[in-house]
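Report on one structure; see the data block that follows.
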Amino acid sequence: MKIPTYSLPTLNWKKALPTTNKEQLDFSEKLNAYLSELKELETQLKTSKDAFSEIWSGADKLVKLKNDKVWAELELTNLTKVLDELQQNWKTAVGEVNYWCTNIHWLQSRFPEAKYADVVGLCKIADKMEYADEQDYSLNSGRYVGVYIEEDKLTKEEFKSKLDNLISKLIKLNNDASSIMKRIETTEIC
């Protein structure tokens, strides 16, 4: 059986951190590619670990390695447990890279120019007139940022119209349900 060899994909982490938006976007693309390579490698490592664990279990049954003092001194009796812990550490590390990659994408999608901009439902610069007079000095952010429903892409008026339509349908259905309930209650059972 040929023992597989793995090489960890490389990404130059020692290079100075990107400062311009273009450098950040380029780094984000490299990080996405790096993450894809890590996930491929993770699949290969899991397959190899499972195969190795199976061979190890078979060898243990044949020669009873767990009872051998030399193997115990070398701490090889809990090898599958150690491999599982290493695999979990690997998953945690890849998860951290994925976390940062996701956050970079989220930030870039909301602030593509890498400069502050009001984003409906997320952030807005409120002037004194707005928070002092109109909102009675309330600093609750929900009063300023507004609501943005990404899936519908409806305007406030379209949303209100749709909601009013649904409410009227609900009232009609409730009235129908009440009349049916009254008929059921007044019907005599044979």
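The values are calculated or read from the model by the stated rules, or taken from the named source; none is laboratory data. For clarity, every value in this text was computed on a predicted model and none was experimentally measured. Please note: Cβ atoms are built from the backbone with ideal geometry, for glycine as well, and neighbour counts cover all protein chains shown.
Residues checked against (1) in a helix (DSSP H, G or I); (2) within 20 Å of ALA33 (Cβ to Cβ); (3) free of Cβ contacts under 8 Å to residues at least 40 places away in the same chain:
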residue: LEU83; (1), (2), (3): yes, no, yes
residue: GLN87; (1), (2), (3): yes, no, no
residue: GLY95; (1), (2), (3): yes, yes, yes
residue: TYR99; (1), (2), (3): yes, yes, yes
residue: THR102; (1), (2), (3): yes, yes, yes
residue: TRP106; (1), (2), (3): yes, yes, yes
residue: TYR116; (1), (2), (3): no, no, yes
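Is there a residue in the stretch 43-52 that is of a type in the set (S, T, N, Q), surrounded by 12 or more Cβ atoms within 10 Å (Cβ to Cβ), modelled with pLDDT of 85 or more and under 22 Å from the mean Cα position of the chain (by Cα)?
Scanning the stretch 43-52 turns up no residue that is of a type in the set (S, T, N, Q), surrounded by 12 or more Cβ atoms within 10 Å (Cβ to Cβ), modelled with pLDDT of 85 or more and under 22 Å from the mean Cα position of the chain (by Cα).
Among the candidates GLY121, GLY146, single out the residue that is at pLDDT below 75 and small (Gly, Ala, Ser).
Selected residue: GLY146, the only one of GLY121, GLY146 that is at pLDDT below 75 and small (Gly, Ala, Ser).
So if I check each of VAL97, VAL82, which one is at pLDDT 75 or above and in contact with a helix residue (DSSP H, G or I) (Cβ under 9 Å, 6 or more places away or on another chain)?
It is VAL97.
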